[in-house]
Amino acid sequence: MTTTTNSQNSQQQSRLLSLPAELLIEVISHLSEERKALCALARTCRSLQPFCEELIYTVIELLETSDLSHILEAFSRRFERIAAVHTLRILYKFHKGLATTVNERMAFNACVGEMKNLTEWHVESPYDNFKWEDGGNEWVERDMDVFRTALEKASLATSLQAESGLAKLSKYRTGKLTVHIVTLHTHGATSDIWDLGGFHCLFQHPSLQYLHVSCVNLSTDLPELERFASTTSLSTLIFDESEIEPVSLKRILSTPKSLKHLTLGENVFNIKRDQGSTPRLSRDPDAAIQALLPVAHSLETLIHYDPMFKTLADPERPRAVRIKGNGMRHFHTLKFLECDPCSFLHQGIICTPTLAPPNLETLRIRHPRRQPGNFFDQLPDFTPYSYLSSLRTLEFLQSTNANSPLSISEYVCERDRLSERHQAGFKLHQQGINMKCYIEIHGASSLIPPYLHREPTPDIVCLYDANHVGFIRKKDQPRGSGIEWMMIEDETAELNSLDILCLKNEVRRAVMNGTHQSRTSGLRRQTALQFFLQGTEDMNVFGMYQEDDSDEDDEDDEDDMDDFGFIDAEYELFVAADAMDEGSDEDEDEDLDEDEDEDLDEDDLD
């Protein structure tokens, strides 16, 4: 009887395994999001275990050091599991006993170099945010040193085969978390800034495409990179809160074959009070331009975060900058440029059209965070921008810690402010340039970049788009004429009360969409960087024209109706009253806004 039962089980098992391999793999892939089902299948059928574990171990996310013992035990049982890792996120939380986990951490770190299929790497020091005095030196001298060794073995300098550990790494990031990208953020042994040192091997990796480095000191020359000129595949490079010298920058930018996206984030916020800010690029603009020349043939987007405004007595009136030579006239592929008015890129390049990139299409002027004044009160002089013959879009970005949709809309769309803004948009429109105004909403005023794991990133929302608002207006006709209104044929910058109310509603909806999306679905709004990486066709994700997520199946759907419903009802009420009553627009506007939130204080937008 037992023999018969075993024969039947063997026959049933053989029927499953006799299916075509492609079909088996498809069935297993269908369970890729069901980890428990994959584990059960791996334990049930030894023949399918390798296929299941390729999906089980594809992504490893370590949030607690207590997880290390489990993953190390799993690796020790089947060494092949290490090679199955494609995405690695090391995000240990800080705790008082962290120093006692050094041995376990080192045992796991030794496995990183054997992850031959690793394509995304995210490492974040648990000692960050000024905890590096409680054992951060061990992290720098031991953990980071193992990571550096693994990267060196995969660099061009070692001439190893493609199968070497980390050789397939395509996205490696040091700095702040961004969705779908590996992150590493670290510090020095006794400070929050770390020296690049032997990590220059980052710029020698043969297949690395995306690199984000934060809080790194690049104050010395890097002659080690000279023999790797135009050899790497790096296409996106981001420096965040870093000490950048032109001499080291030039060495680094000489290594990629075709760098397309570059962010020069100097140290703006992570400074010592007794030391103060030290702008390095704007202090030597000629050397900074020379450092950028190696990527002139391929660069498409350029962003500069500059601490220069902190060193000026009057940052609203920065001094003019004269740059020798042709400036950026050879940057034919550069389409997007973002900087603040104190940056050398603005004062030396943008304000001198003969030195500006010949094909620049979009210019974004950013108001530095925590600097007095704001763009919604007064726009800077836009006359120099109108001389850029290729410019099609001019954007102004203002930071704020306020997050109330009602107060923001009341402040931004106050009649005089909005009228002046639209007048400026009209003048630029007549020259073929569309003007946009963005607001960057920070979740907490105390948070500064680089943003760590689970820290809220700023939401960028479009609050004004000249082309969307338009310059064609309705003109009222006398009652009894048979025509209620007609379109004015000539364009005008005038806005009536209905226009202002509609814009207030759109601003409220824009801010709600941004904060509501992060709250309900856990998705962060797209940042400027993500927009550049995805392409210009995704521009609407920033603005008030983004579709809301009220159709999503989540527990807050009723809140969607409550949040957005009153806006539409208010608009319909205005239109109905306008059709039935000859009262003034001002009176109607007052009645409808009785229950509005208090006006936003001017200082809230600084």
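Any idea how many residues of the range 19-73 are farther than 30 Å from Gly97 by Cα and not charged (D, E, K, R)?
Here the count works out to 27.
Which residue is surrounded by the fewest Cβ atoms within 10 Å (Cβ to Cβ), if the candidates are limited to the range 494-523 and must be outside any helix (DSSP H, G or I) and modelled with pLDDT of 85 or more?
Per the criteria, the residue is Glu494.
Can you give me the ranges of the strands (runs of 3 or more DSSP E) entirely in the range 76-179 with at least 3 residues that are modelled with pLDDT of 90 or more?
Here the list reads 87-90.
Listed here are the residues, each with its yes/no results for (1) part of a loop (DSSP other than H, G, I, E, B); (2) at pLDDT 95 or above; (3) surrounded by fewer than 16 Cβ atoms within 10 Å (Cβ to Cβ).
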{"site": "Thr354", "(1), (2), (3)": "no, yes, yes"}
{"site": "Leu379", "(1), (2), (3)": "yes, no, no"}
{"site": "Ala402", "(1), (2), (3)": "yes, no, no"}
{"site": "Ile408", "(1), (2), (3)": "no, no, no"}
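Identify, please: which residue in the range 310-339 is over 23 Å from Leu259 (Cα atoms) and acidic (Asp, Glu) and is, among those, farthest from the chain's Cα centre (by Cα)?
Among residues in the range 310-339 that are over 23 Å from Leu259 (Cα atoms) and acidic (Asp, Glu), the one farthest from the chain's Cα centre (by Cα) is Asp314.
Given the structure, is Gly348 in a loop (DSSP other than H, G, I, E, B), buried (at least 16 other Cβ atoms within 10 Å of the Cβ) and at pLDDT 95 or above?
It is false that Gly348 is in a loop (DSSP other than H, G, I, E, B), buried (at least 16 other Cβ atoms within 10 Å of the Cβ) and at pLDDT 95 or above.
Under 23 Å from Thr333 (Cα atoms) and either modelled with pLDDT of 95 or more or not basic (Lys, Arg) (or both), is that true of Asp286?
yes
When both residues are 6+ apart or on different chains and their Cβ atoms are under 9 Å apart, which pairs have a first residue that lies in the range 65-90 and is in the same structural domain as Glu120 (by TED's automatic domain parsing) and under 12 Å from Val112 (Cα atoms), and a second that is assigned to a helix (DSSP H, G or I) and of a type in the set (S, T, N, Q)?
Ile90/Asn109
Filter the range 289-330 for residues that are modelled with pLDDT under 95 and aromatic (Phe, Trp, Tyr) and give the result.
The one that is modelled with pLDDT under 95 and aromatic (Phe, Trp, Tyr): Phe309.
From the list Asn129, Asn117, exactly one residue is farther than 17 Å from Val146 by Cβ and touching a residue at least 60 places away in the same chain (Cβ under 8 Å). Which is it?
Asn129
Taking the condition of being among the charged types (D, E, K, R) and surrounded by 18 or more Cβ atoms within 10 Å (Cβ to Cβ), how many residues in the range 67-113 meet it?
Total meeting the criteria: 3.
Step by step: first the residues of the range 1-60, then only those that are within 24 Å of Thr87 (Cα to Cα) and loosely packed, with under 10 Cβ neighbours inside 10 Å, then the one that is modelled with the lowest pLDDT. Which residue is that?
The extreme case among them is Glu33.
Exactly one condition in (1) over 30 Å from Cys215 (Cα atoms); (2) among the small types (Gly, Ala, Ser); (3) surrounded by fewer than 16 Cβ atoms within 10 Å (Cβ to Cβ) is not met by Ala424; state its number.
(3)
The values are calculated or read from the model by the stated rules, or taken from the named source; none is laboratory data. Being a predicted model, the structure only gives us computed values, none of them experimental. Note: ideal-geometry Cβ built from the backbone for every residue, glycine included; neighbour counts use all protein chains shown.
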